[in-house]
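K.L.:
The structure's right below; bear with me while I get my questions together.
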Amino acid sequence: MNIREKYKKRRRMINVPIAGIGDIAFLLIMFFMIASTFVRQSHVDLTRPEAEELERLQETAVHVSIDKEGRIYLQGVEVPNADAVEWGVSAMIQDAETEEQRTVIFTSDRDLPENVFRPVIVAITEAGARIAAMGDAIE
């Protein structure tokens, strides 16, 4: 065996499979979207209900809101329906260990009829979360 044959054997091209790189990138994006907190407080245009006695809550990571037109928002991002809320909330609280970590702050406009906000409340409970309704104190 001469030197050229040895050199050719060492210089073989290595095939690196790159078909799975797109899948890995997509999974990393999904992981960081679910693991991070997008919005602390949603900026949805609504008038909160009023109550005489309100309890101050510790800040939670999950917010669900319904605005005056009945549009539903999860973490400040509009979602199409209550099923999307259930899926999103269950994904966000799946690793929660305490009641506080499973708490979802729910806000809706006070003039909305019950048939608009009830499916969202049911979706949050079906996801396994605890609901904390937000309102303004009557002074």
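K.L.:
Which number in (1) in contact with a strand residue (DSSP E or B) (Cβ under 7 Å, 6 or more places away or on another chain); (2) in a loop (DSSP other than H, G, I, E, B); (3) modelled with pLDDT of 75 or more; (4) hydrophobic (A, V, I, L, M, F, W, C) marks the one condition that Val64 misses?
P.N.:
Val64 satisfies all of (1) in contact with a strand residue (DSSP E or B) (Cβ under 7 Å, 6 or more places away or on another chain); (2) in a loop (DSSP other than H, G, I, E, B); (3) modelled with pLDDT of 75 or more; (4) hydrophobic (A, V, I, L, M, F, W, C) except (2).
K.L.:
For region 73-139, list the strands (runs of 3 or more DSSP E) that sit wholly inside it and hold at least 1 residues that are modelled with pLDDT under 90, of a type in the set (S, T, N, Q) and more than 14 Å from the chain's Cα centre (by Cα); which are they?
P.N.:
103-108
K.L.:
So, in region 1-23, how many residues would count as being in a helix (DSSP H, G or I) and either surrounded by fewer than 10 Cβ atoms within 10 Å (Cβ to Cβ) or at pLDDT below 75 (or both)? Break it down stepwise before answering.
P.N.:
The first filter runs over region 1-23 and keeps only residues in a helix (DSSP H, G or I), leaving 3-10, 21-23.
Still in the running and either surrounded by fewer than 10 Cβ atoms within 10 Å (Cβ to Cβ) or at pLDDT below 75 (or both): 3-10, 22-23.
Residues flagged as in a helix (DSSP H, G or I) and either surrounded by fewer than 10 Cβ atoms within 10 Å (Cβ to Cβ) or at pLDDT below 75 (or both) within region 1-23 amount to 10.
The values are calculated or read from the model by the stated rules, or taken from the named source; none is laboratory data. Quick caveat: nothing in here was measured; it's all calculated off a predicted structure. Cβ atoms come from the backbone with ideal geometry, glycine included; neighbour counts cover every protein chain shown.
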